[in-house]
Amino acid sequence: MASPHSEHRPDSSESPTVSAELMLDMFTVIARARALEDAVSVHIRDHGFAGFWHPGKGQEGAVAGAVAAMAPDDYLFYQGRGATWPLAKGMGLAPIIGDLLGKATGSTGGKGAGVPHWADPALGIMGEGATLGSVYPVAAGAALSAQLRGTSQVALADFGDGTAARGTFHESLLEAARWKLPLVYFCENNGISVSTTFESVSPTKTIAERASAYGIPGVRVDGHDAVEVYVAVKNAIDRARAGQGPSLIEAVVTRVGGHWEGDAQKYRPADFLATYNDPLEVMRKRIDSGTADRIIAAAKTEIAQALIEAEAAPLPDPSVILKDVFA
């Protein structure tokens, strides 16, 4: 039988207030992220660029809800899909798309093309590790730093269900739980690692139930619903700020596109989207329809212009490859 922690969902008695303004903000993030997802997909189809783009369409709601619960100076360590994480945390379109196209205007100055490694410490965006699974120890290190310095900062480590099989997940979680680090482990479980289904390789039915082994809360939520995700992450962050240690959150999401842009997904059944709840539509039902339409239209216009500007931006000088190298 699963631990009581593993199937716990936030109820109304413990839910933080979700104002109309906050719902509008989350919807705007999702709309902008979706517009960017669609525009990048078209750009790759029509023009192409070096490297692989791992689309995040269908997972924007989970990210929008999680980031809405974070403070501006909280640390974000993402290893997710798409561009919703940096967009939600406050990064502008020029550095986001600049990195995608390998331009000097990118947040890394042109070093993050194709598979981008967006970074802006001033926004709490700490970048992405070069290998899946590296997110755990570096996020734990940031949380330990906040604890030692006596700040109220919390670190959030984002990862996928496949990466939860890495040894670094268990090793860092053991120490984080023991030391009560201000850390949130946030899993975007889309149920498929490249082409391997979660249930075919996992000994547990959920990611969240693994929390019980470390004596911390494990919460499983509907990742298509930004509000439900916000409530769970806000509770976890409040707990971490209070010195009660880490939490594990599993947001169940849908990977609409392939593992990479252009992946034909022949390994998936034809009806795999039959029960899919689009996070954009889930949030649209919570706000005025006219307002929603205007936000979506504005997002599409904004992204289209940003792409034009990014294509016209200069390429980096080759010397950029030697910058920010410490070893």
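Okay, residues lined up against (1) assigned to a helix (DSSP H, G or I); (2) modelled with pLDDT of 95 or more; (3) more than 21 Å from A69 (Cα to Cα):
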site	(1), (2), (3)
A2	no, no, yes
D11	no, no, no
T17	no, no, no
F27	yes, yes, no
A35	yes, yes, yes
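Among the residues making up segment 126-145, a single one is touching a Gly at 6+ places or on another chain (Cβ under 8 Å) and closer than 19 Å to W53 by Cβ: L132. Here is the figure for segment 125-155: residues that are more than 24 Å from K111 (Cα to Cα) and open to solvent by less than 10 Å² (accessible area, probe 1.4 Å) total 4.
When A251 is tested against (1) in contact (Cβ under 8 Å) with a residue 60 or more places away in the chain; (2) in a loop (DSSP other than H, G, I, E, B); (3) among the aliphatic types (A, V, I, L, M), just one condition goes unmet, and that condition is (2).
Of the residues making up segment 282-327, those that are within 25 Å of the chain's Cα centre (by Cα), charged (D, E, K, R) and surrounded by 13 or more Cβ atoms within 10 Å (Cβ to Cβ) are R284, R286, K300, E302. Among the residues of segment 201-225, the one identified as in contact with a Ser or Thr (Cβ under 7 Å, 6 or more places away or on another chain), open to solvent by 20 Å² or more (accessible area, probe 1.4 Å) and either among the hydroxyl-bearing types (S, T, Y) or at pLDDT below 95 (or both) is S212.
Select from segment 109-124 the residues that are touching a residue at least 60 places away in the same chain (Cβ under 8 Å) and over 15 Å from the mean Cα position of the chain (by Cα) and write down the one among them that is surrounded by the most Cβ atoms within 10 Å (Cβ to Cβ). In this case the residue turns out to be G110. Among residues of segment 73-89 that are over 17 Å from H259 (Cβ atoms) and free of Cβ contacts under 8 Å to residues at least 40 places away in the same chain, those with a Cβ under 9 angstrom from a residue that is part of a strand (DSSP E or B) and open to solvent by 20 Å² or more (accessible area, probe 1.4 Å), sequence gap 6+ or separate chain, pair up as P86/D120; K89/D120.
The residues listed here are S145, S152; of these, the one that is within 17 Å of D74 (Cβ to Cβ) and either part of a loop (DSSP other than H, G, I, E, B) or of a type in the set (D, E, K, R) (or both) is S152.
The values are calculated or read from the model by the stated rules, or taken from the named source; none is laboratory data. Keep in mind that this is a model prediction, so the values were computed, not measured. Virtual Cβ from ideal backbone geometry, glycine too; neighbours counted across all protein chains shown. To get the accessible areas, we keep the full protein, side chains included, count just its heavy atoms, and leave off ligands, DNA and RNA. Shrake-Rupley method; radii C 1.70, N 1.55, O 1.52, S 1.80 Å.
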